[in-house]
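What follows is a single structure, written as C-alpha cells, with notes after it.
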Amino acid sequence: MLEKLSSGLKDALRKIAKSGYIDKATVDELVKDIQRTMLASDVNVKLVFELTEKIKKRALDEKPKSGMTPREHMVNIVYEELVNFVGKKPEIMIRPGKILFVGLFGSGKTTSIGKLAKFYQKKGLRPALIGCDVHRPAAMDQLKQIAEQLNVPYYISKDTKDAVKIARTGLEQLRKNDILIFDSSGRDALDGELAKELKELGKMIQADEVILAIPADLGQAAGKQASEFNKLVGITGIFLTKMDGTARGGGAISACAATNSPVKFIGVGEKLDALEVFEPERFISRLIGFGDLQSLIEKAKEAIEPGKAEEMADKFTSGKFTMEDFYEQLKSMGKMGSLKSIMDMMPGMGGMKLPKGVDLAKQEDKMKKWKFIIESMTKKERADPDLIDSSRITRIAKGSGTQESDVRELIKNYNQSKKMMKMFSGGSMKRGMMSRFAKKFKGM
Ligand SMILES: Nc1nc2c(ncn2[C@@H]2O[C@H](COP(=O)(O)OP(=O)(O)OP(=O)(O)O)[C@@H](O)[C@H]2O)c(=O)[nH]1
Ligand SMILES: [Mg+2]
C-alpha cells in the first residue's frame with residue numbers, strides 16, 4: 001500500500017543520507033522532493049506546503065542534538081514532522097462498551113465490523129453483532145454470515161424497517177456480551193434521511209464509540225466527509241478501509257488529521273484479519289523505512305566501537321594483523337546482520353545489482369564457517385598461524401565440524417590479506433580501509 005509515496009520519500013531521504021554535508025541547497029532539494037512525491041499521492045497542496053515549511057525551518061534553525069550527526073538530525077526532523085502530520089496516536093477502547101458503525105454505501109462498514117469483532121476476540125473480550133441496516137435486503141445475511149464465521153452471537157431482523165427497534169431488541173438480547181457492535185444503513189450521500197436515522201439510532205444506543213467507515217481511495221475528500229458526519233452524528237474515530245491497493249491513502253489520512261478526525265483503524269484487505277490499529281509512529285516509520293535506516297546506524301555503531309576502528313586500521317597498515325583480529329572482524333560483520341540485509345539497509349544500495357558471480361549467501365556461509373574454524377584454534381595458533389601444520393589442520397577441522405580444505409582456504413585467505421596489508425603499510429595508506437568504512441557509518 002502507498003508504494004509510490006513510500007518509495008518517493010525513501011529516495012528523498014536516501015539522498016540526504018548519502019550527501020556529504022547538509023546545507024541550504026540540500027534542504028531545499030529535500031523539501032522539493034517531498035513536495036513532489038506527496039502531491040503526486042493526492043495529499044492536499046496547502047497541507048504539503050505547511051509541512052515542508054516546518055521541516056525547512058527546523059532543518060535550518062535547529063542544531064543537531066548531542067551525539068547526532070547532521071544527517072541523522074535531518075532524517076529525524078522529517079520523521080517527526082511526518083508523524084505529527086498524520087495525527088495523534090489514537091485511543092482504542094479495550095473494555096466492554098457499545099460501538100456504532102456509520103458510513104456511506106459500500107464504504108466497508110459491515111466488513112470492518114467483522115474485523116473489529118475479531119480484533120476484540122483476540123483481546124479476550126466477547127463481541128456480538130447487531131444488524132441495523134434495514135435498507136439493503138442482503139445486509140442482514142451478510143452480517144449473519146460474518147458472525148457465524150467468527151462464532152460470535154448476533155441479532156438481525158428482516159421483519160421490520162425500524163432500525164431503532166432492532167437496536168433496542170438486540171441490546172436486550174445480547175446484553176451479556178462485552179462489546180456490542182451495531183451496523184447501520186448506507187446511502188449514496190449524507191442526506192437528511194440518513195442523518196435523521198443515524199441521530200435516532202445514536203440516541204437509542206448511546207454508543208461509547210461512533211466509528212465512521214471511509215474508503216481510503218477517496219483521497220483528500222475523506223477529510224470533508226469526516227467533518228460532515230462529525231457535525232451530524234458526532235464520530236469518535238475513523239476506520240479507513242481499502243488502504244490496500246490505493247495510492248490515495250496518504251491523502252485520506254492527512255485530510256482526516258487536518259479536520260481533527262482521528263484515524264483509529266485501517267483496513268488492508270477483504271479478509272477479517274486485514275485490520276491494523278493506526279499508529280502514526282509505526283506507520284511513518286514503515287513508510288520511509290526509518291527503522292531500517294536507524295537500525296543500520298545503531299548496528300554500525302555497536303559493531304564498530306569508536307577507537308576500535310582506528311586500532312584496527314593501524315593493525316591493518318602495520319601488518320600486525322593477527323588471526324584474532326580477523327576473527328573480531330568477522331564477528332562485527334555478523335552483528336550487523338546478513339550481508340543482504342546490510343546491503344538493503346544502506347541508502348541507495350538496496351536495489352543494487354551485484355556483479356556476476358558474486359553470491360552473497362555463499363560468501364556469508366563461508367564467513368560463518370571461518371568463525372567456527374577460528375573458534376577451534378588455540379590462543380597460540382591464533383596469534384601465530386604459521387604454527388598450523390597439517391596435523392593441526394586435521395584437529396581444527398574436526399573441532400569445528402568443517403573440512404580440512406575449509407581450514408586451508410581460511411589460512412590462505414588470511415595470509416593473502418596480511419601480505420596485502422604489508423604492501424600497503426607505510427605512510428600513504430595510513431588511513432586504511434577500515435577507518436574509512438567506519439567513518440562512513442559514523443557520519444550517517
Ligand atoms: N480490498 C479491500 N476491500 C475491502 C476492505 N474493506 C471492505 N472491502 C470490500 O468492500 C466492499 C464493500 O464492503 P461492505 O462491508 O459490504 O461495505 P458496507 O459499507 O457495509 O456497504 P453497504 O452495506 O452496502 O452500505 C466489499 O466487497 C468488501 O469486501 C478493505 O480494507 N480492503
Ligand atoms: Mg453493510
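Under 14 Å between alpha carbons, and skipping anything fewer than 8 positions from Lys118 in its own chain: which aspartates and glutamates qualify?
The reachable aspartates and glutamates, counting only those whose Cα sits under 14 Å from Lys118, are Glu148, Asp178, Glu270, Asp273, Glu276.
Select from segment 88-136 those chymotrypsin sites (Phe, Trp or Tyr not before Pro) which occupy a DSSP coil region and have at most 14 other Cβ atoms within 10 Å, ordered by residue number.
Sparse-neighbourhood loop chymotrypsin sites (Phe, Trp or Tyr not before Pro): Phe105.
Could you give me the ³J(HN,Hα) list for segment 403-410, computed from phi with Karplus coefficients 6.51, -1.76, 1.60 and θ = phi - 60°, whole Hz, x at Gly and Pro?
Working through the residues one at a time gives 8, 4, 5, 5, 4, 5, 5, 4 Hz.
To two decimal places, what compactness ratio does segment 14-133 give when its Cα radius of gyration is scaled by 2.2 N^0.38 Å?
Dividing the Cα Rg of segment 14-133 by 2.2 N^0.38 Å gives 1.57.
How much length would be gained if the chain were fully extended between Lys165 and Lys362, taking 0.36 nm per residue of separation minus their Cα-Cα distance, in nm to one decimal?
Taking Lys165 through Lys362 to full extension adds about 64.1 nm, to one decimal.
Leaving out same-chain residues fewer than 8 places away, which aspartates and glutamates sit with a Cα under 18 Å from that of Lys224?
Once the sequence-local aspartates and glutamates are set aside, what remains near Lys224 is Asp42, Asp188, Asp191.
Here, each number is a calculation from the coordinates, and none is a lab measurement. Note that the coordinates shown come from a computational prediction; the quantities given were computed from them, not determined experimentally. Every residue, glycine among them, receives a Cβ derived from its backbone with ideal geometry; neighbour counts consider all protein chains shown.
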